[in-house]
Number of protein chains: 2
Amino acid sequence: MNPLAIPEIVIRRIPLYLRTLALLREQGQTVTSSQEIGDRLGISATQIRKDLSYFGEFGKQGTGYDVRYLEEQLCRILQVDRDWSLVLIGAGHLGKAILSYGGFEEGGFSIAAVLDKDRRKIGSRIGDLEVQDIASLPEAIAEHHVRIAVVAVPVSDAQDVVDALVDAGVKAILSYAPSPLALPEDVHVEYIDPVVGLQSMTYYLDPLHR
Amino acid sequence: MNPLAIPEIVIRRIPLYLRTLALLREQGQTVTSSQEIGDRLGISATQIRKDLSYFGEFGKQGTGYDVRYLEEQLCRILQVDRDWSLVLIGAGHLGKAILSYGGFEEGGFSIAAVLDKDRRKIGSRIGDLEVQDIASLPEAIAEHHVRIAVVAVPVSDAQDVVDALVDAGVKAILSYAPSPLALPEDVHVEYIDPVVGLQSMTYYLDPLHR
DNA sequence: TAGATTGTTAATCGATTAACAATC
DNA sequence: TAGATTGTTAATCGATTAACAATC
């Protein structure tokens, strides 16, 4: 419909370019090339240049790309040049692992509140945060201007939680519950499902003969 | 090269079909259609029929698919009609969350051993398992006939761990470390990276005006 | 039978890649 | 300058979809 719309598949590769640029920067490299980024990711150099060309010109012929500059530009494009507040639903083992993982902060996200429905968990502290009652979801979301939620609850609770999130105005959901969720069209969702990854790898493994 | 090779993108959708079939089965449904599966997943019915046709004929005209039969066949195709032993590397918060998550077992995988390099963790128990020294990796892999590993260690350790896994004969790796790994061609890898998912959603969110 | 749904072909659509002029 | 690498066009490749005969 929109002739300027950028293919979603391109958008999904930009975070990978960012990962690679961060790595190169940490290794002290200041300049890189589409070839080098591609080699690291197993993607062709042409594809990387083509992807970037949707957004502008970021390199210099003969030289390549300034690592910091390109990183900065891609952050701006993905809108991660600002900080996004998240709410985390679910304070079980997975929730705790998510809270202790520094990668969200590094990626431009900060977890502003943790909520759970379990009375035994509500009020307990995890790191800097106190687990809140899921009933106070609307307040937590309003207070921190949250538009993104991370769902780390059992499959059986996931749809209810997601319905509540949508009612509270959340526009993007990262779900660790491995079941397809029903959502309005204007709410984005991404699934984290390790079993899906494992199951597509077993297809390629030689069958065991024992 | 191989004219009979099935597109990887098709293989990656089969686990999603399995998820949906399991859900339908749990809801007591015995028969389904490509339309219904597609509606749940946001995929066209035609695509599902086309995907299945790479492997054979599983339905009945006018009726649809027997839920249990199709589930069984797809499990067979992906080789998850058997049990795969995994080793888990990393006994931190994430490792514990992975161990407490029942989804692996349900999906055809069982975690046979947990290993870590941290002296303070080695010897401690998590659930049914005792954390082993990473140095005993080759023995653990041989003992349990392991060909798949789950990596839940910091980025700084990931490449070393993966090198050791490859040396020990592992052929598939599920990595929670968000950095591209260097691997031989015959070793499969899947990445679990929540930040990549979040960062591609922020692209689509309306910019905040404050 | 009539209605429903599959499996498959051919057409369309979109993504990747090869090639190369531009230029640092 | 010569060599390197970008940005972009056109060609190729592959995936999705529309259409429909087959048939339960």
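The values are calculated or read from the model by the stated rules, or taken from the named source; none is laboratory data. Just so we're clear, the structure is a prediction, and the values are computed from it rather than from any experiment. Positions of Cβ are backbone-derived with ideal geometry, glycine not excepted, and every protein chain shown enters the neighbour counts.
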Next on the checklist: Looking at the range A:111-122, can you tell me whether even one residue there is farther than 20 Å from A:ALA177 by Cβ and surrounded by fewer than 17 Cβ atoms within 10 Å (Cβ to Cβ)?
Outcome noted: yes
Checklist entry - Under 7 Å by Cβ, and 6 or more places apart or on different chains, what pairs join a residue from the range A:23-52 that is closer than 21 Å to B:VAL196 by Cα with one that is away from DNA strand C (no atom under 15 Å from the Cβ) and among the basic types (Lys, Arg)? => result A:ARG25/A:ARG68
Checklist entry - Is it the case that some residue within the range B:141-150 is under 24 Å from A:ILE98 (Cβ atoms), of a type in the set (Gly, Ala, Ser) and surrounded by 18 or more Cβ atoms within 10 Å (Cβ to Cβ)? => result yes
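Going by the conditions given, is A:LEU94 more than 8 Å from chain B (Cβ to nearest Cβ) and buried (at least 20 other Cβ atoms within 10 Å of the Cβ)? It would help to see each step written out before you state the result.
Values: more than 8 Å from chain B (Cβ to nearest Cβ): no; buried (at least 20 other Cβ atoms within 10 Å of the Cβ): yes.
For A:LEU94, the condition - more than 8 Å from chain B (Cβ to nearest Cβ) and buried (at least 20 other Cβ atoms within 10 Å of the Cβ) - is not met.
Checking the conditions here, which among A:ILE43, A:ILE77, A:ILE9 is at pLDDT 95 or above, within 10 Å of DNA strand C (Cβ to nearest atom), within 22 Å of A:GLY108 (Cα to Cα) and within 11 Å of chain B (Cβ to nearest Cβ)?
Details: A:ILE43 fails: within 22 Å of A:GLY108 (Cα to Cα); A:ILE77 fails: within 10 Å of DNA strand C (Cβ to nearest atom).
The unique qualifying residue is A:ILE9.
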Checklist entry - Which of (1) more than 9 Å from DNA strand C (Cβ to nearest atom); (2) surrounded by fewer than 20 Cβ atoms within 10 Å (Cβ to Cβ); (3) β-branched (Val, Ile, Thr) does B:VAL67 not meet, given it meets every other one? => result (2)
Next on the checklist: For the range B:48-68, check the following and say yes or no: at least one residue is within 11 Å of another protein chain (Cβ to nearest Cβ) and either outside any loop (DSSP other than H, G, I, E, B) or touching a Cys at 6+ places or on another chain (Cβ under 9 Å) (or both).
Outcome noted: no
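Could you tell me whether A:GLU71 is in contact with a helix residue (DSSP H, G or I) (Cβ under 6 Å, 6 or more places away or on another chain) and charged (D, E, K, R)?
Numbers: in contact with a helix residue (DSSP H, G or I) (Cβ under 6 Å, 6 or more places away or on another chain): yes; charged (D, E, K, R): yes.
Yes: the conditions hold for A:GLU71.
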Checklist entry - Among the residues of the range B:19-47, which ones are within 9 Å of DNA strand D (Cβ to nearest atom) and in a loop (DSSP other than H, G, I, E, B)? => result B:ILE43, B:SER44
Checklist entry - Is it the case that A:SER34 is within 16 Å of the chain's Cα centre (by Cα) and of a type in the set (Ser, Thr, Tyr)? => result no
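Taking B:LEU24, is it buried (at least 20 other Cβ atoms within 10 Å of the Cβ) and outside the structural domain of B:GLU130 (by TED's automatic domain parsing)? Spell out the reasoning first.
Values: buried (at least 20 other Cβ atoms within 10 Å of the Cβ): yes; outside the structural domain of B:GLU130 (by TED's automatic domain parsing): yes.
Taking the combined requirement at face value, the residue satisfies it.
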Checklist entry - So which residues in the range B:12-36 are within 23 Å of A:THR202 (Cα to Cα) and either at the interface with another protein chain (Cβ under 10 Å from one of its Cβ atoms) or among the small types (Gly, Ala, Ser) (or both)? => result B:ARG12, B:ARG13, B:ILE14, B:PRO15, B:LEU16, B:LEU18, B:ARG19, B:THR20, B:ALA22, B:LEU23
Checklist entry - Is there a residue in the range A:68-89 that is away from DNA strand D (no atom under 16 Å from the Cβ) and more than 22 Å from B:PRO178 (Cα to Cα)? => result yes
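Within the range A:101-146, restricting attention to residues that are β-branched (Val, Ile, Thr) and in a helix (DSSP H, G or I), which residue is farthest from the other protein chains (Cβ to nearest Cβ)? First the steps, then the outcome.
The first filter runs over the range A:101-146 and keeps only residues β-branched (Val, Ile, Thr), leaving A:111, A:114, A:122, A:126, A:131, A:134, A:141, A:146.
Among the residues that remain, those that are also in a helix (DSSP H, G or I) are: A:134, A:141.
Values: A:ILE134: 20, A:ILE141: 14 Å.
Once the filter is applied, the top-ranked residue is A:ILE134.
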